[in-house]
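Below: the structure, in structure tokens.
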Amino acid sequence: MKKCTDKCIEFLTLLISLLRSMLENQSQETVFSTQSFYTTEDPVALHSDGDVVIGGFFPLHYVASKPEYSYNSEPQVTSCSGFDHIAFRWMMTMVFTVDEINRNSSLLPGVKLGYRIMDSCDHVHTSLQALFSLISYSKTTREYSPCLNYSPVPAVIGLASSTPTRAVAHTLGPFNIPLVSYFATCSCLTDKHLYPSFLRTVPSDLFQVRGLVKLVTFFGWFWVGTIGATDDYSLYGIQAFSIQFGQQGGCVAFHLTIPTSPTVAEIQKMADKLQRSTARVVVVFAKEVNLLDLFSEVSISRNMTGIQWVVSEAWMAANQLTTPDFHNLLEGTLGFSFPGVSIPGLKEFLLNVRPSPKPGMELVNVFWEEYFGCKLEFERDKSALKKTVCTGLEDLSYRDSSYSDVSQARISYNVYKAVYAVAHALHTFLNCNSTGPTGGLCEMHNSFTTQRSVYFDSNGEPVPLYDIINWQKDSKNEISFVKVGNYDGSAQQGQQLQILKNTIVWTTRQSQVPVSQCSAPCPPGSRQATRQGEPKCCFDCLPCADGEISNQTGSTECIKCPEYFWSDKEKVKCVAGEEEFLSFSDTMGIILVAITLLGFILTTIITIVFHSFRFTPIVKANNSEISFLLLLSLKLCFLCSLVFIGQPSWWTCRLRQAAFGISFVLCLSCLLVKTIVVLLAFQTNVPVSRGRMLFGTFQQRILILCTTAPQICLSTGWVLGAPPFPFRNSNYQVITGKIVVECKEPWPPGFYLLLGYIGLLAFACLLLAFFGRKLPDTFNEAKFISFSMLIFWAVWISFIPAYVSSPGKFSVAVEIFAILASSFGLLLCIFVPKCYIILLHPERNIKKGMTGKNPR
């Protein structure tokens, strides 16, 4: 067997001790009598007899010494310290409510309610001691109601804290004794399988956490710290808050867990972390008693200010934290509290409380001595000789305190509702008819009316309504709790959170909402980039890329602009993309138009010269008709460049490539004919007459027609079958920020076939001209044709990579340049040398000068 741990041994030892005590006392009771084996004396209780006695637990003291068990003697009642006047008011509210019910003839008629109220000291072990004492007392004194003789205590009102409540609820659950809490808010207590008899008049923290998340996000606080204790209330609350806050985009900068009994070093370490943090908003889920040491260090020792506290209902009305020592630290605190209700007659009842030496009044006597700082005569002992003597007749109304302030009863009203809920349940139970139509089942109710209508859901949970409270200094320089909003956790539609921002006093009396952030929100035009290894609230701001915008502060992503739109300079809005095309007004367009016109004018001048000297040998040598047709085709080549300039339209996209292709093919066809004519003219072994007969004017025309017709057919079929159309190309927008308006070619092979046919004719011309390179040098036109073809090939070979790699309008400019360059190459190489002879050397414009032979 494995050895038991120390805790196992301690548990077994305690169990054996309990069994030994039971055997020694030979108890025959079905309910444990803790009076016989748990303590040597009963804990102090406030008691009143009645037909039905209900129990009550209130944390009159908030400090309990840790129990020490020797197992050699019976345990003593744990001593408690730190009297809480507010908790005493809660207790007396229960007394007041029982008396009010007993005076009500319509509720529980003929049945007198009694009570036995004990101090739980707000700890697990003291609460369990009080519970066993309560049950033992009721059993041994046989205080049964004739109607309820099966149970000594039909219900228990309590407790204030979640952790002791869980322990007591676990104990009472198997006996089906209801435990109705007025202040235990932990969501863990909603589990009916673990706590089948637990009910409460206070909403679960599940709703409060949602409200706190809405509150901090409402003010734009997404970088906050959290503080909690080691009890269930803090652990469950902080865990739920962190999860829901993270789902809303928030980050927890730090979390401080305050131990039950923290050392000075632990408090200083927590204060250092709080002081160093950039989070200026801190969410607190803890009771006030847990915070006293930390706040003393922070406020008194370090004089720290500027923290905006957002707190749960556990200490929204904490009187121990409203002392002047904490004013600078806690003024401006925001948090949740239960709605305040005025209970008629309660204040007068509280002010009429008086001490008494009678048994059962010990708790009232303790309050009196604590409240007035004196010692009652009938409670005096040697240790209290130096204290002022109380007469018991002091007037409670002469002092303003949290005890008598019931103008807005909050937890007191929860106690009030809890007692009434038990009374109404008893009333229904005692009046149900076991032989009625319901078959012995009592009619169920989920609501009743006190000062207000009280509702419960199907799980016995009350409606989650909260007030939002702000700690503000009043005219007396004291902290007052001012309502600045409300939160309805049950609202399915509409506005759950309502806040009057203008009525809020912020920490250190700031005029604006405090700022708490790890990184300042990114301005419009940029996005948040989370830093590696850090929370998402810590980020760097990166500008949006071109074509993307962010028009809100704190954007996490940049939005891509729609197609054909572009981001402005500030990257905050999308504007219509600037359309780019080779315009007539562009510098490049103006230059190309000027070159085009120059080429056209030059071609026109040459045409005029050739027409003027059309009867001279140099013009007649190669058929003047072919020369004029070649000049016409060159004019068309120059003019087709203009179709490429300007914004593309439906007709220009269809015309430009067809005009270019047909013009150049016509030009090359003329060159091909001229080359063949030159070759035939200078071949000595072929008679001139036979050459003219074999390749005369008619044959030349047929060849031009046959070589041009395929290009015409290809261009016509391309334009009709898959015509180019105007297209706004946004692919270059990322680079240039502009939309290129161009002619889209749905069938790219058409352009390459057109260009390939031109290349085929150019190759034929170059090949034939190469064969005539050795003809007589007097005027060798074949040599000039070779030069022109070499220029043509150099231009168009370099055109292809330049065209593919040029973006936007530059690709159009490259194509125009290729057209103009090749056209000028043909014009200058073919016609300028002839014009040179015609105009400057007419003596060479003779037949002999053309053939190098003497005329016969």
The condition from (1) assigned to a loop (DSSP other than H, G, I, E, B); (2) surrounded by 15 or more Cβ atoms within 10 Å (Cβ to Cβ) that Ser242 misses is numbered (1)
Within segment 255-269, does at least one residue satisfy the condition of being surrounded by fewer than 22 Cβ atoms within 10 Å (Cβ to Cβ) and under 19 Å from the mean Cα position of the chain (by Cα)? no
In segment 229-239, how many are buried (at least 22 other Cβ atoms within 10 Å of the Cβ) and either free of Cβ contacts under 8 Å to residues at least 60 places away in the same chain or of a type in the set (Lys, Arg) (or both)? 2
Filter segment 330-355 for residues that are within 48 Å of the chain's Cα centre (by Cα) and among the aromatic types (Phe, Trp, Tyr) and give the result. Phe336, Phe338
Candidate set: segment 304-346, residues that are over 12 Å from Ile479 (Cβ atoms), out of contact with any helix residue (DSSP H, G or I) (no Cβ under 7 Å at 6 or more places or on another chain) and surrounded by fewer than 19 Cβ atoms within 10 Å (Cβ to Cβ); chosen: the one modelled with the lowest pLDDT: Gly340
Is it the case that some residue within segment 249-257 is under 30 Å from Leu131 (Cα atoms), at pLDDT 90 or above, in a strand (DSSP E or B) and in contact with a Gly (Cβ under 8 Å, 6 or more places away or on another chain)? yes
Going residue by residue through segment 657-674, is there one that turns out to be under 17 Å from Leu761 (Cα atoms) and modelled with pLDDT under 85? yes
Quick one: would you say Lys569 is surrounded by fewer than 14 Cβ atoms within 10 Å (Cβ to Cβ) and either of a type in the set (Gly, Ala, Ser) or over 19 Å from the mean Cα position of the chain (by Cα) (or both)? yes
Determine which member of the set Leu134, Leu128 is assigned to a helix (DSSP H, G or I) and free of Cβ contacts under 8 Å to residues at least 60 places away in the same chain. Leu128
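Every residue, every condition in (1) assigned by TED's automatic domain parsing to the domain that holds Ala418; (2) aliphatic (A, V, I, L, M); (3) buried (at least 19 other Cβ atoms within 10 Å of the Cβ); (4) at pLDDT 85 or above, yes or no:
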| site | (1), (2), (3), (4) |
| --- | --- |
| Ser21 | yes, no, no, no |
| Thr39 | yes, no, no, no |
| Val52 | yes, yes, yes, yes |
| Phe57 | yes, no, yes, yes |
| Phe88 | yes, no, yes, yes |
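Please verify whether segment 773-781 includes one or more residues that are hydrophobic (A, V, I, L, M, F, W, C) and either at pLDDT 80 or above or within 18 Å of Ser641 (Cα to Cα) (or both). Spell out how you get there, then give the answer.
Our first condition is that a residue be hydrophobic (A, V, I, L, M, F, W, C); within segment 773-781, this holds for 775, 779.
Still in the running and either at pLDDT 80 or above or within 18 Å of Ser641 (Cα to Cα) (or both): none.
No, that holds for no residue.
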Pair list, Cβ under 6 Å, 6 or more apart: segment 778-796 residue assigned by TED's automatic domain parsing to the domain that holds Leu767 and among the hydrophobic types (A, V, I, L, M, F, W, C), other residue surrounded by fewer than 23 Cβ atoms within 10 Å (Cβ to Cβ) and modelled with pLDDT under 85: Phe779/Met850; Ala782/Gly772; Ala782/Leu775
Show me the helices (runs of 4 or more DSSP H) found entirely inside segment 268-376 where at least 1 residues are among the small types (Gly, Ala, Ser). none
Give me the pairs: first residue in segment 44-61 and of a type in the set (Phe, Trp, Tyr), second residue assigned to a strand (DSSP E or B), beta-carbon distance under 6 Å, and six or more apart or on different chains, which are they? Phe57/Met118
Can you confirm whether segment 237-249 contains a residue that is under 30 Å from Met94 (Cα atoms) and out of contact with any Cys (no Cβ under 6 Å at 6 or more places or on another chain)? yes
Looking only at segment 152-183, count how many residues are among the hydroxyl-bearing types (Ser, Thr, Tyr), in contact with a strand residue (DSSP E or B) (Cβ under 8 Å, 6 or more places away or on another chain) and not in a strand (DSSP E or B). 2
Given (1) more than 25 Å from Phe349 (Cα to Cα); (2) at pLDDT 80 or above; (3) of a type outside the set (Val, Ile, Thr), where does Ser383 come up short, assuming only one miss? (2)
Sole miss for Gln248 among (1) within 30 Å of Gly554 (Cβ to Cβ); (2) crowded, with 22+ Cβ neighbours inside 10 Å is condition (2)
Single match in Ser106, Ser81, Ser120 (criterion: among the polar types (S, T, N, Q) and crowded, with 16+ Cβ neighbours inside 10 Å): Ser120
Count of segment 587-625 residues which are touching a residue at least 60 places away in the same chain (Cβ under 8 Å) and not hydrophobic (A, V, I, L, M, F, W, C): 8
Is it the case, given these coordinates, that Val213 is surrounded by fewer than 24 Cβ atoms within 10 Å (Cβ to Cβ), part of a helix (DSSP H, G or I) and at pLDDT 90 or above? yes
The conditions are (1) surrounded by fewer than 17 Cβ atoms within 10 Å (Cβ to Cβ); (2) in contact (Cβ under 8 Å) with a residue 40 or more places away in the chain, and Ala576 fails exactly one of them. Which is it? (2)
Pick out, from segment 587-668, the helices (runs of 4 or more DSSP H) lying fully within it that include 1 or more residues that are more than 21 Å from Leu703 (Cβ to Cβ) and in contact with a Cys (Cβ under 6 Å, 6 or more places away or on another chain). 587-612
Would you mention how many residues in segment 75-91 are farther than 19 Å from Ala155 by Cβ and not in a strand (DSSP E or B)? 11
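The values are calculated or read from the model by the stated rules, or taken from the named source; none is laboratory data. From a predicted model like this one, the values you see are computed outputs, not experimental measurements. Here the Cβ is made from the backbone with ideal geometry for all residues, glycine too, and neighbour counts use every protein chain on show.
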